[in-house]
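The values are calculated or read from the model by the stated rules, or taken from the named source; none is laboratory data. In this text the structure is predicted, and so the values were computed from the model without any measurement. Note that each Cβ is placed from the backbone with ideal geometry, even for glycine, and that neighbours are counted across all protein chains shown. Side chains included, ligands, DNA and RNA excluded: accessible areas come from the protein's heavy atoms. Shrake-Rupley method; radii C 1.70, N 1.55, O 1.52, S 1.80 Å.
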Amino acid sequence: MEGIYFYWIMWLAWIVTTFLMKKNKLRVKLSIFLMITILLSKYYVIVGDYTIRVSLFLFLFLGYYLAVKQKQQKSLSLLIMTLTLTFAYSGILLFRVYDPVWFFIDYRLLVSVLIGVLAIYLGKQPIHRFALCMISICQGEFLYWMILGKFYDGLTIGTSACLDMLVIGCLIIFLWMVTEHIITILEHTLQKPAKEKQG
């Protein structure tokens, strides 16, 4: 069932930000964004021949905001990385339309894992990785449906499957970030006894 990953992961993220995070401005902003995105996930806007889901716009704007916030990242390299991931996303989906036999596992998992791993590899900071994931999937979704729009009418941009891929990709980046943090803590705790023995 398409959309199930989106709602489960978004609700879990909202619970974590609302009840488990430290009380600060980031917690409030994240909680509000998550709740608004969940509430507006059933609404669409009509732009020309396309129906576009409001949640897709919210994720795209958040991705752009996070990308602009990363001042140390060069604009040209960011543009090249987002274009690479955008074409990867839309290319896989177009290949799935052309030859669906190759997709013996759920394509949502395949695409989100690929985009998430590439975002981790290309991005230096966690914020940069989240921005890459969100921008590339949203832009890739627009590109994919605009290509299909030449052959079909009345298409919806920002399907439930796209939202699933967005949140799974972000979840992969978050889990990687948590893993890195745990490894750093373990390294510090293991290095302390070694330093004490030397001293």
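Among the conditions (1) at pLDDT below 85; (2) buried (at least 17 other Cβ atoms within 10 Å of the Cβ), the only one that THR86 does not satisfy is (1).
Applying the criterion of at least 1 residues that are touching a strand residue (DSSP E or B) at 6+ places or on another chain (Cβ under 7 Å) and either under 20 Å from CYS138 (Cα atoms) or open to solvent by 40 Å² or more (accessible area, probe 1.4 Å) (or both) to the helices (runs of 4 or more DSSP H) found wholly in region 1-81 leaves 54-69. Taking the conditions (1) touching a strand residue (DSSP E or B) at 6+ places or on another chain (Cβ under 7 Å); (2) surrounded by fewer than 17 Cβ atoms within 10 Å (Cβ to Cβ) in turn, GLU141 satisfies each one other than (2).
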